[in-house]
Each structure stands twice: as structure tokens, then as C-alpha cells.
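Structure record follows, encoded as C-alpha cells.
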Amino acid sequence: MDANVQRASRLDTTALSDALDRLGIPGQCLGIKPLDPRFRLAGRAFTILYGPAGVPAGTVGDFIDDVSEGSVIVIDNGGRENATVWGDILTMVSHRRNIAGTVIDGACRDTSLSREIGYPIFSRSYSMRTGKDRVQVEAMNGPVNIGDARVSAGDILRGDADGVIAIPRAHEDDVLTVAEEIDAIEDKIRSAVVEGMRLSDARRQYRYHQLQSKTT
């Protein structure tokens, strides 16, 4: 795991979201949730774009063997919930290959295996209906959209119980530095309250209400 992925893995999505807001950078993958709230992931994106199937239908993808260990597979299925693009075979192979997890703007299926073996999947929804003959792979490792956030190959993805954050590669050092600052200040507020300070006073002292305010 590279240094910035390690830094991201130590931060919650809430601190990263506030950092993105302060810097005016979009990256919150809204509507994408973990199958299990205990799931966590951090890694660099391997992106896949899906589209409606043609006639004859194209493939739903045999990309998994080309994904590097530690990557996060990021699938843009246009938010479709009527055709799944991920199932138990992909979950099994990804787990065996030490892939960090999967993020889907769309639906997955065979969710029980993911929960059983602890392979992190974050998606818009899940159902049993296959994507075969309904959707097909259009492109790999190009830009995709996940929950209104643009994700490019190599961007850092961080997921936890609150959802998924995409950190653009061009801004990752700034985002991580600001998120670490926010995290440290919130720790100081908690410590001050434990030591007897009123929450309102602690928040005022550490400028809590300005932590996420956009810089000028």
C-alpha cells in the first residue's frame, strides 16, 4: 500500500468529506453504501464503464485478472438498479487476489458471500437480476461517475460505514493534509469535553463550525 493510501485508510470519510468541502473539490459518492457497515476499504481506482447492451450483446467483462492487488474496482453502471454487474464469482476471485474492494454505481448480487468472507462491496443497491444481455462493458480505466463524483483511474477511494469518498489524484496531498488537520482538531474537542469543558466552548475555541468552510 502506498503512503497516501495508508494515510487515507487512517481517516474517516467524514473528515475527508469536510476536507473536500473546504478545498472546493467534489468527491462525495452520494447514495453509495456498504453491504455491511463494518466494511472498510482504501485503495486506488481501477475504473470500468458499463452501458446498455447492444445487439448482439457485448460482454459483461472479464477484467478481474488485470486488476492489481490492493486496487479498488470502481464500476459505473449509470446508477441502474435493474441489472447487476457483480456477483459471487467476482467476489471470490477478488478476495483471493487481495483486491481492496468494489464500488458500484448500480446493483450487485450474491451479497451473502461478500458478508461471509468480509470482501467490501459498496453499491447503490442489490438484487438477483443478472446484467448479462442487459448491460455491457464500454471502457476500462477511463473517467467514470460514481454517485455524482467523477473518478479517474488511480484516484484514491476510501469507504466506511458512512459511504465512499473519491480523492482526485491531482489533489490528494492537499485533501489528506486538511483531513488530518480536521481529525486532529475534533480529537482535541473530544478531549476538552472529557476534561470538563462545555461543548459550546470547546467548539468555539477550536473553530469547529469553520472546519469545513471553503477557503478563499
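The values are calculated or read from the model by the stated rules, or taken from the named source; none is laboratory data. Remember, predicted model here, so these are calculated numbers, not experimental data. Cβ: placed from backbone, ideal geometry, glycine included. Neighbour counts: every protein chain shown. Side chains included, ligands, DNA and RNA excluded: accessible areas come from the protein's heavy atoms. Shrake-Rupley method; radii C 1.70, N 1.55, O 1.52, S 1.80 Å.
A few points about this structure:
- Residue-normalised accessible area of region 12-95, given per residue in Å² at a 1.4 Å probe: 42 Å²
- The mean sequence separation of alpha-carbon pairs under 8 Å and at least six residues apart, normalised by the residue count of region 71-129, gives a relative contact order of 42 percent.
- Gain on full extension, evaluated as 0.36 nm per residue between Lys214 and Ala139 minus their Cα-Cα distance, stands at 23.5 nm.
- Computed 3J(HN,Hα) for region 170-180, one whole-Hz value per residue from the Karplus formula 6.51 cos²θ - 1.76 cosθ + 1.60 where θ = phi - 60°, is 5, 10, 5, 5, 5, 4, 5, 5, 5, 5, 5, glycine and proline marked x.
- Given a 1.4 Å probe and the protein chains as shown, His95 ends up with an accessible area of around 80 Å².
- FRET efficiency estimate (nearest 0.05) - Cβ-Cβ, Arg150 to Arg204, R0 35 angstrom: 0.45
- Positive dipole terminus of the chain, leading residue within Pro168, Ala42, Gly196 (C-beta point charges): Gly196
- Averaging the sequence gap over all C-alpha pairs within less than 8 Å and six or more residues apart, then dividing by the number of residues, gives region 13-103 a relative contact order of 31 percent.
- As a rough guide to protection, the peptides 36-42, 84-90 ranked by mean Cβ packing within 10 Å, highest first, stand as 84-90, 36-42.
- Computed on the chain, with alpha-carbon pairs under 8 angstrom and 6+ residues apart, the relative contact order is 32 percent.
- Solvent accessible area, Å² - Lys188, 1.4 Å probe, full protein context: 110 Å²
- Diffusion coefficient of region 1-107 by Stokes-Einstein, Kirkwood radius over Cα pairs, 25 °C, 0.890 mPa s: 159 µm²/s.
- Rounded to the nearest 20, the Cβ-based charge dipole of the chain about its Cα centre (Lys and Arg +1, Asp and Glu -1) stands at 420 debye.
- Here's the picture: charge each Lys and Arg Cβ at +1 and each Asp and Glu Cβ at -1 in the chain, and of Gln205, Asn82, Ala15 the one pushed furthest to the positive end of that dipole is Gln205.
- Angle in degrees between helix 13-23 and the longest Cα principal axis of the chain, rounded to the nearest 10: 70 degrees
- Among 191-199, 75-83, 135-143, the order from most to least packed when residues are scored by Cβ within 10 Å on average: 75-83, 135-143, 191-199
- Taking 1.306 mPa s as the viscosity and 10 °C as the temperature, the Stokes-Einstein diffusion coefficient of the chain based on its alpha-carbon Kirkwood radius rounds to 88 µm²/s.
- Calculated FRET efficiency for the pair Ala57/Asp36, C-beta based, R₀ 45 Å, to 0.05: 0.90
- Bridge type composition, the chain - antiparallel percent by DSSP, nearest 5: 55 percent
- Entry comment: accessible area of region 113-169 is 46 Å² per residue, from protein heavy atoms only and a probe of 1.4 Å.
- Accessible surface of region 44-160 [probe 1.4 Å, protein heavy atoms]: carbon and sulfur percent: 46 percent
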